[in-house]
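Here the structure comes first, spelled out in structure tokens, and everything after it is commentary.
The values are calculated or read from the model by the stated rules, or taken from the named source; none is laboratory data. Keep in mind the model is a prediction, meaning the values are calculated, not measured. For neighbour counting, all protein chains shown are included, and Cβ atoms are generated from backbone atoms with ideal geometry for every residue, glycine included. For accessibility, only protein heavy atoms count, side chains too; no ligands or nucleic acids. Shrake-Rupley method; radii C 1.70, N 1.55, O 1.52, S 1.80 Å.
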Amino acid sequence: MYRDNSQLNRRRFLSNFAFASTAIATGVGSWVIPAGWANAAAGPIKVGIATDLTGPMGYAGNADANVAKMVIKEINDAGGLLNRPLELYIEDTASNEAVAVGNVRKLIQRDKVDLTLGGITSSMRNAIKDVIVSRGKTLYIYPQLYEGKECTPYLFCTGPTPAQQCDEFIPWLIKNGGKKFALPSANYVWPHTLNVYARKVIEANGGEVVLEEYYPLDQIDFSSTVNRIISSKVDVVFNTVIPPGVGPFFKQLYEAGFLKNGGRLACVYYDENTLGINQPNEIEGLASCLDYFKALGPEDPVSAKLQAAYDKQFPGTFLFAAGSAATGTYRGLKLWEAAVKEAGSVDREAVAKTLDHAKIAEGPGGPAEMVPGQRHCKMKMYTAVSKGGKYEIVARSAGLVDPKEC
């Protein structure tokens with residue numbers, strides 16, 4: 001499932017992208033969704049989405065673009081913003097930073113968007129943020145969970161940070177797994193920075209890190225690592241290995257008897273999209289901590305309504321899921337909408353000032369609010385465990401969790 005989704009080509013994009021019928025191609029990797037009504041004297045407000053429609057992160061980027069389409073349509077159906085329609089511009093960042101910089105420049109220089117939202121990996125955010133914020137003088141919202149420490153002016157983050165994912169999750173893992181942790185990791189910025197924070201929380205709660213290793217992103221043979229995990233009697237594998245390596249790694253751990261012997265898998269980016277990488281028995285009991293899980297539906301009518309609306313508009317393999325930034329995309333656009341309404345303008349300075357304290361009463365997983373002066377978002381957090389290929393929620397934060405950033 002995952003490898004299929006990651007190998008999108010342009011033809012498959014055109015056949016699967018849920019709003020291709022209404023999108024107008026304006027160049028390679030460029031799409032515009034017209035506002036649908038044009039009787040506003042001031043013209044449309046332009047929203048730019050820069051995300052990975054193709055390449056290894058295409059499974060997430062297409063979902064994020066779908067969410068943007070859903071939210072923009074909802075706003076337009078309700079009368080737009082400031083009596084103006086919203087027009088959606090989409091650029092494919094193609095899971096490739098070199099390609100992304102040129103395509104994002106189109107949003108800023110050619111399309112002159114009022115907001116840019118997107119980027120999934122931290123390397124992508126770092127590649128495009130200067131084009132948007134410094135050179136383009138445009139507001140930027142980054143929607144993905146990440147390693148923290150992004151404090152660039154005019155850049156707002158609407159996904160979970162290490163504090164939000166670790167402060168309650170790791171004590172839960174120690175109680176429901178054990179004290180001996182392994183930190184197998186992909187060798188790039190997110191795992192390195194997250195592990196520094198995770199180690200502090202592990203040790204502060206009486207746990208111990210017995211293994212911390214970093215591997216090339218394309219590594220798929222983990223036999224020596226698995227042997228060390230088993231021989232060290234590790235209780236919890238706190239994983240930040242990413243695709244394509246994560247599937248083989250979890251399978252090799254399973255075959256070595258890690259789960260059978262009582263081991264616990266943990267991975268904070270694992271959502272409903274990534275559960276399908278392995279057979280359910282190979283990751284039984286895997287725990288994750290995110291701002292939303294589909295299993296919330298029965299207890300949260302708003303989340304259930306949003307999920308149903310997305311599934312109806314965009315059936316298929318591009319799922320509405322937290323680890324893929326879809327929830328951060330929804331949250332980011334709705335917080336921006338609230339900020340624009342308060343500012344009475346789309347001017348960057350004015351909106352940045354109101355976005356600094358913007359709040360929404362409803363959203364996937366619950367309400368959310370920006371922390372003044374931090375440009376990061378408070379949100380509810382949930383711990384869930386994989387059982388038979390689906391998540392069951394086992395713990396919830398008492399309220400909105402502080403990002404502890406900037």
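Considering (1) modelled with pLDDT of 95 or more; (2) more than 18 Å from Asp114 (Cβ to Cβ), the lone condition that Gly323 does not fulfil carries the number (1).
Answer with yes or no whether Asp347 is more than 30 Å from Gly276 (Cα to Cα) and within 22 Å of the chain's Cα centre (by Cα). Judged against the criteria, Asp347 is not a match. Figure legend. Inter-residue proximity from segment 373-402: first residues acidic (Asp, Glu), second residues at pLDDT 95 or above and assigned to a strand (DSSP E or B), beta-carbon distance below 6 Å, spacing 6+ or different chains. Indicated pairs: Glu392/Val385; Asp402/Lys378.
A Cβ distance below 8 Å, combined with a sequence gap of six or more or placement on separate chains, defines the contacts here; from segment 89-102, residues that are within 18 Å of Val133 (Cα to Cα) reach residues that are surrounded by fewer than 22 Cβ atoms within 10 Å (Cβ to Cβ) and of a type in the set (Val, Ile, Thr) in the pairs Tyr89/Val32; Ile90/Val32; Thr93/Val99. Taking every residue in segment 190-217 that is more than 21 Å from Met57 (Cα to Cα) and pairing it with any residue that is open to solvent by 70 Å² or more (accessible area, probe 1.4 Å) and acidic (Asp, Glu), at least 6 positions away or on another chain, the pairs with Cβ-Cβ distances below 9 Å are Ile202/Glu208; Val209/Glu203. All of (1) at pLDDT 95 or above; (2) within 24 Å of the chain's Cα centre (by Cα) hold for Glu203 with one exception: (2). Taken together, Asn195, Asn273 contain a single residue that is closer than 27 Å to Gly316 by Cα and of a type outside the set (Lys, Arg), which is Asn273. Taking segment 103-117, which residues are out of contact with any helix residue (DSSP H, G or I) (no Cβ under 7 Å at 6 or more places or on another chain) and touching a residue at least 60 places away in the same chain (Cβ under 8 Å)? Listed by number, the residues that qualify are Asn103, Lys106, Asp111, Lys112, Asp114.
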